[in-house]
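The values are calculated or read from the model by the stated rules, or taken from the named source; none is laboratory data. Worth saying up front: this structure is predicted, and the values here are computed from it rather than measured. Ideal geometry is used to build each Cβ from the backbone, glycine not excepted, and the neighbour counts take in all protein chains shown. The accessibility values were calculated without ligands, DNA or RNA, using every heavy atom of the protein model including side chains. Shrake-Rupley method; radii C 1.70, N 1.55, O 1.52, S 1.80 Å.
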Amino acid sequence: MKIAFVGKGGSGKTTLSSLFIRHLAANEAPVVAVDADINQHLGAALGLSETEAAELPAMGAHLALIKEYLRGTNPRIASVDTMIKTTPPGEGSRLLRVREDNPVYEACARPVRLDDGEVRLMATGPFTESDLGVACYHSKVGAVELCLNHLADGPDEYVVVDMTAGSDSFASGLFTRFDMTFLVAEPTRKGVSVYRQYKEYARDFGVALKVVGNKVQGPDDLDFLREEVGEDLLVTVGHSDWVRAMEKGRPSRFELLEAENRMSLQALQDAADDSYAHRDWERYTRQMVHFHLRNAESWGNAKTGADLAAQVDPGFVLGEPLAV
């Protein structure tokens, strides 16, 4: 399962994604966690110290290695210099799998030990002062998009991505790379505004979207969310003493998280698992190619000096047999 957490800044998106990751680990599921938010707080939310979080390798700094590995022996890709963030796999490409060891994970992922298991954590890297005026943050998440394009994942495997806040995710095709997108919304007008944007943008691409109501304090908050998002509202999460302690750097064992919040997390896992039955590898591949051709025409061909449309392998469909 490829799962995204989105929402406006301050909605609790990173906190909810970290709780979900802990929940999956407690259920002994294999997890690759990816921090693709501009603020890079997922490591800390998973219990890393500031020093440990700062030492996480940046995926963007290893982009050449990622491209070289994924390129494999694909004859349609002349060199890594002609690979862009949307380059799709084809015959000869190397694919990533959740449970395996490979050079990409070795360079870009670090194990994070949780109370009930271990997950792999990857991070795009922070947006620094040196980037100002010469780069945009969407170039940082290009490594994530490239990896997801080459990911052959199966059932009971999870890649959980904490996305950048707001509607910035729509600056690329990254928002179509997921089996399930959980939008974290507070019971306020601003809280549901990002939901409306996502709903509108995602409609034409068949993106599975469910809302997680956060900071819900009573029946009035619940009624508000139900009125605003309707049946897209999956679960709500209320006040948590466990989360407050975690945010202070003093979390108790995860098994002590409030029962109602544990039930909400299980509902998220159930929804993600249910989405597997609707996975359409042909549509997934078609959308991948769609965004690649758009990027090739708008900037990729000019940047690389190559016809990037020629990278598309018309007979290739990323599919479940490759994930076994």
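Kindly check whether there is at least one residue in the stretch 295-316 that is under 19 Å from the mean Cα position of the chain (by Cα) and buried (at least 17 other Cβ atoms within 10 Å of the Cβ). Lay out the reasoning, then the answer.
Within the stretch 295-316, the first condition is being under 19 Å from the mean Cα position of the chain (by Cα), and the residues that meet it are none.
The answer is no; no qualifying residue exists.
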Against the condition β-branched (Val, Ile, Thr), under 28 Å from ARG283 (Cβ atoms), open to solvent by less than 20 Å² (accessible area, probe 1.4 Å) and modelled with pLDDT of 90 or more, how does THR164 come out, does it pass? no
Before we move on, is ALA259 at pLDDT 90 or above and among the small types (Gly, Ala, Ser)? yes
Kindly check whether there is at least one residue in the stretch 211-223 that is open to solvent by less than 30 Å² (accessible area, probe 1.4 Å) and of a type in the set (Gly, Ala, Ser). yes
Of all residues in the stretch 10-25, count the ones that are at pLDDT 95 or above and among the small types (Gly, Ala, Ser). 3
Which of (1) modelled with pLDDT of 95 or more; (2) of a type in the set (Lys, Arg); (3) part of a loop (DSSP other than H, G, I, E, B) does LYS85 not meet, given it meets every other one? (1)
Is there any pair with a first residue in the stretch 253-282 that is farther than 18 Å from GLU231 by Cα and open to solvent by 20 Å² or more (accessible area, probe 1.4 Å) and a second that is among the hydrophobic types (A, V, I, L, M, F, W, C) and not in a helix (DSSP H, G or I) whose Cβ atoms are under 6 Å apart and which are 6 or more apart or on different chains, and what are they? TRP281/VAL317; TRP281/LEU318; GLU282/VAL317
Residues being aromatic (Phe, Trp, Tyr) and surrounded by fewer than 14 Cβ atoms within 10 Å (Cβ to Cβ): count how many of those fall in the stretch 59-118. 0
Checking the conditions here, which among ASP221, ASP153 is under 21 Å from the mean Cα position of the chain (by Cα) and either at pLDDT 90 or above or outside any strand (DSSP E or B) (or both)? ASP153
Can you give me the ranges of the helices (runs of 4 or more DSSP H) entirely in the stretch 27-74 with at least 2 residues that are more than 22 Å from LYS248 (Cα to Cα) and without any contact (Cβ under 8 Å) to a residue 60 or more places away in the chain? 63-71
Just checking, does the stretch 205-215 include any residue being closer than 23 Å to GLY142 by Cβ and charged (D, E, K, R)? no
Scanning the stretch 235-252 for residues that are open to solvent by less than 60 Å² (accessible area, probe 1.4 Å) and either over 25 Å from the mean Cα position of the chain (by Cα) or more than 22 Å from HIS41 (Cβ to Cβ) (or both), the one modelled with the lowest pLDDT turns out to be SER252
May I ask you to list pairs of residues, at least six apart or on different chains, whose Cβ atoms are under 9 Å apart, with the first in the stretch 219-243 being closer than 21 Å to ALA272 by Cβ and the second being open to solvent by 60 Å² or more (accessible area, probe 1.4 Å) and aliphatic (A, V, I, L, M)? VAL235/MET263
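Is it the case that some residue within the stretch 120-142 is at pLDDT 95 or above, more than 18 Å from ALA58 (Cβ to Cβ), in contact with a helix residue (DSSP H, G or I) (Cβ under 6 Å, 6 or more places away or on another chain) and not polar (S, T, N, Q)? Lay out the reasoning, then the answer.
Applying the first criterion (at pLDDT 95 or above) to the stretch 120-142 yields 120-123.
After this cut, where a residue has to be more than 18 Å from ALA58 (Cβ to Cβ) as well, the list is none.
No, the stretch 120-142 contains no residue that is at pLDDT 95 or above, more than 18 Å from ALA58 (Cβ to Cβ), in contact with a helix residue (DSSP H, G or I) (Cβ under 6 Å, 6 or more places away or on another chain) and not polar (S, T, N, Q).
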